[in-house]
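First up is the structure itself, then whatever we jot down about it.
The values are calculated or read from the model by the stated rules, or taken from the named source; none is laboratory data. Bear in mind that the values here come from a model prediction, so they are computed numbers and not experimental data. Glycine gets a Cβ as well: all are built from the backbone with ideal geometry, and neighbour counts include every protein chain shown. Just the protein is used for accessible areas: all its heavy atoms, side chains included, with ligands, DNA and RNA removed. Shrake-Rupley method; radii C 1.70, N 1.55, O 1.52, S 1.80 Å.
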Amino acid sequence: IKGKMKKLLILTTLILLSACQKSTSSGGTVPTQRAEGVVMRETSAGESTWQLKATSADFYDNREVLMDNPKIIFNQSKGDAVLTAKKGTFKDNIITFTGSVTVTVKEEDLKLNTEKLFYNTSTKVAWTDVPFVMKRSGVTVKGKALKADKGFSNIEIYKQVTDLPPDLQGLQSLK
């Protein structure tokens, strides 16, 4: 009986200790650093190619960064593309944006909404594999997935459904 009690006591202690550990969305680990008002830039030849801002970011030992309210601005010669979301994760050159993701390019009259979007900082390609709605010059396009360059001027749409405006004037502006 002493052996069984000892094993039960050890098992109970282990269960209690594991229940006391703080759990997070980064594999159950606690962040090593936290930053508020984060700004990160990528530059090429001294010029900013994109700028990432977040209200806060948690940094983890596994080189993952979890962000609140991330906003990335892709600097383009013809106008900036702006992407916002509720949450973001940055790891291994991939930024994952989740929750009410919106991309806006004012100069192209483009607005895209989805729940998840990825951006590869090495290849400079954005994509989603979840449904999205994109509006451009009065034309609404819905799809199941897309791939785009960082400025969202070259977009490949998969499983597309298009709603044309009733007066077709929006199509004239695409010429």
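Could you pull out every residue, at least 5 positions away or on a different chain, whose amide H is within less than 5 Å of the one on L110? Hs are placed 1.01 Å off N in the peptide plane, and Pro or chain starts have none.
V105
With θ set to phi - 60° and the Karplus curve 6.51 cos²θ - 1.76 cosθ + 1.60, what are the ³J(HN,Hα) couplings of region 45-56 in order, to the nearest whole Hz, using x for Gly and Pro?
6, x, 9, 6, 9, 7, 9, 10, 10, 8, 5, 7
Would you kindly derive the ³J(HN,Hα) couplings of region 77-94 from the backbone phi angles with the Karplus curve 6.51 cos²θ - 1.76 cosθ + 1.60 (θ = phi - 60°), listing them in order in whole Hz, with x for Gly and Pro?
Along region 77-94, the couplings run 5, 8, x, 7, 9, 10, 10, 10, 7, 7, 9, x, 10, 10, 7, 6, 6, 10 Hz.
With θ set to phi - 60° and the Karplus curve 6.51 cos²θ - 1.76 cosθ + 1.60, what are the ³J(HN,Hα) couplings of region 106-115 in order, to the nearest whole Hz, using x for Gly and Pro?
Taking θ as phi minus 60°, the curve returns 4, 5, 9, 6, 10, 9, 10, 10, 7, 9 Hz for region 106-115.
Sketch the reach of a paramagnetic label on D149 as a point 7 Å from Cα along Cα-to-Cβ, and name the residues of region 101-134 whose backbone nitrogen lies under 20 Å away.
Counting backbone N atoms under 20 Å from the label point, the list is 103-112, 118-128.
Give the long-range amide H neighbours of N75: residues separated by 5 or more places, or on another chain, with amide H under 5 Å away, using H modelled in the peptide plane at 1.01 Å from N.
Counting only residues 5 or more places away or on other chains, the set is W50, Q51.
Explain nothing, just the number: dipole magnitude of region 47-157 about its Cα centre with +1 on each Lys and Arg Cβ and -1 on each Asp and Glu Cβ, in debye rounded to the nearest 20.
320
Where does each of K159, K53 land when they are ordered by accessible area, with a 1.4 Å probe and the largest first?
Per-residue accessible area, sorted high to low, gives K159, K53.
Please compute the modelled spin-label separation between K135 and T162, points set 7 Å along Cα→Cβ, answer in nm with one decimal.
Reported label-point gap for T162 and K135 is 1.8 nm.
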